[in-house]
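The values are calculated or read from the model by the stated rules, or taken from the named source; none is laboratory data. Small disclaimer: the values here were computed from a predicted structure and weren't measured. Every residue, glycine as well, gets a Cβ built from its backbone with ideal geometry; the counts of neighbours run over all protein chains shown.
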Amino acid sequence: MANVSRVKGFLQSDLSKHDINDHRGSNFLNSWLNIIFNKSLFIVGLSLKENEVFMRWLLIERAKYFHHFYDKTQKGWYIIKKGENNISDGKKFFLESVGFEIIELDDYESIYEKIWK
């Protein structure tokens, strides 16, 4: 939760009224937060379990921002191995709610090696 407190200083208190890129200093523009809010995201190898509150919070804030500034919307993909119940219904619902498409690939080789070919 300490990370959430620190990052709130970079973000507007009300993202629904302000473009996150307005009135941002170089601290925001030169950080990985700029990537989270202004680029498409491809997530692989991150479990996003319930204890990863900070990452979940960032994805929620990102989705809220895109909801109010639709023209700035970026895509998101979450890559997992097909089968073996690798994703719970709750996590699937969460990811789809924050704008991520879930892509299931046949095996780990497809995820980590073949996907780049």
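Here the range 101-117 is the region considered, the condition is being within 12 Å of VAL44 (Cα to Cα) and part of a helix (DSSP H, G or I), and the residue that is modelled with the lowest pLDDT is ILE115.
For the range 88-100, the set of residues classified as hydroxyl-bearing (Ser, Thr, Tyr) and assigned to a helix (DSSP H, G or I) consists of SER97 only. In the range 60-79, the residue that is modelled with the highest pLDDT out of those that are under 16 Å from SER97 (Cβ atoms) and of a type in the set (D, E, K, R) is LYS75. Among the criteria (1) surrounded by fewer than 16 Cβ atoms within 10 Å (Cβ to Cβ); (2) touching a residue at least 24 places away in the same chain (Cβ under 8 Å), the one LYS91 does not fulfil is (1).
Within the range 1-54, the set of residues being over 23 Å from THR73 (Cβ atoms), at pLDDT 85 or above and charged (D, E, K, R) comprises just one member, GLU52. For the criterion of being under 16 Å from VAL7 (Cα atoms) and either in contact with a Ser or Thr (Cβ under 6 Å, 6 or more places away or on another chain) or among the acidic types (Asp, Glu) (or both), GLU101 fails. Do you know which residues across the range 55-82 are touching an Asp or Glu at 6+ places or on another chain (Cβ under 8 Å), in a loop (DSSP other than H, G, I, E, B) and under 24 Å from TRP116 (Cα atoms)? Result: LYS75, LYS82. For first residues located in the range 25-50 and within 20 Å of ASP71 (Cα to Cα), partners that are modelled with pLDDT of 90 or more and among the small types (Gly, Ala, Ser) and lie 6+ apart or on another chain with Cβ distances below 7 Å form the pairs SER40/GLY76; LEU41/GLY76. Please find, within the range 58-88, the residue that is surrounded by the most Cβ atoms within 10 Å (Cβ to Cβ) out of those that are in contact with a strand residue (DSSP E or B) (Cβ under 9 Å, 6 or more places away or on another chain) and over 14 Å from LEU41 (Cβ atoms). My answer is ILE80.
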